[in-house]
């Protein structure tokens, strides 16, 4: 079970990174748009920290996507 949890955490981070890069945003700019600390974005992308539901909604707004798009991408990545 622990391996699955880590895989999901890593997949979430990769999903955020992919979406951020697809919008041509730096970690600092995404942090600014979402009112986060830049290190928070870095920690998310590395799977070190997992966000609250509220943070997922703020990330989605900053990335200009619906929250389900983030979760959908995590699902796709965890199926690999």
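A search for C-beta distances below 6 Å between a residue of the range 66-80 that is farther than 15 Å from residue 7 by Cα and any residue that is surrounded by 15 or more Cβ atoms within 10 Å (Cβ to Cβ), counting only pairs 6+ apart in sequence or on different chains, returns 67/56; 67/57; 67/60; 70/15; 70/60. Taken as a whole, the condition of being surrounded by 18 or more Cβ atoms within 10 Å (Cβ to Cβ), closer than 17 Å to residue 75 by Cα and either in contact (Cβ under 8 Å) with a residue 24 or more places away in the chain or over 12 Å from the mean Cα position of the chain (by Cα) (or both) does not apply to residue 41.
Considering 12, 36, the condition of being part of a loop (DSSP other than H, G, I, E, B) and in contact (Cβ under 8 Å) with a residue 12 or more places away in the chain is satisfied by 36 alone. Scanning the range 44-54 for residues that are over 21 Å from residue 76 (Cβ atoms) and either at pLDDT below 95 or not in a helix (DSSP H, G or I) (or both) gives 48, 49, 52.
The values are calculated or read from the model by the stated rules, or taken from the named source; none is laboratory data. The structure displayed is predicted, hence computed values, not measured ones. Please note: Cβ atoms are built from the backbone with ideal geometry, for glycine as well, and neighbour counts cover all protein chains shown.
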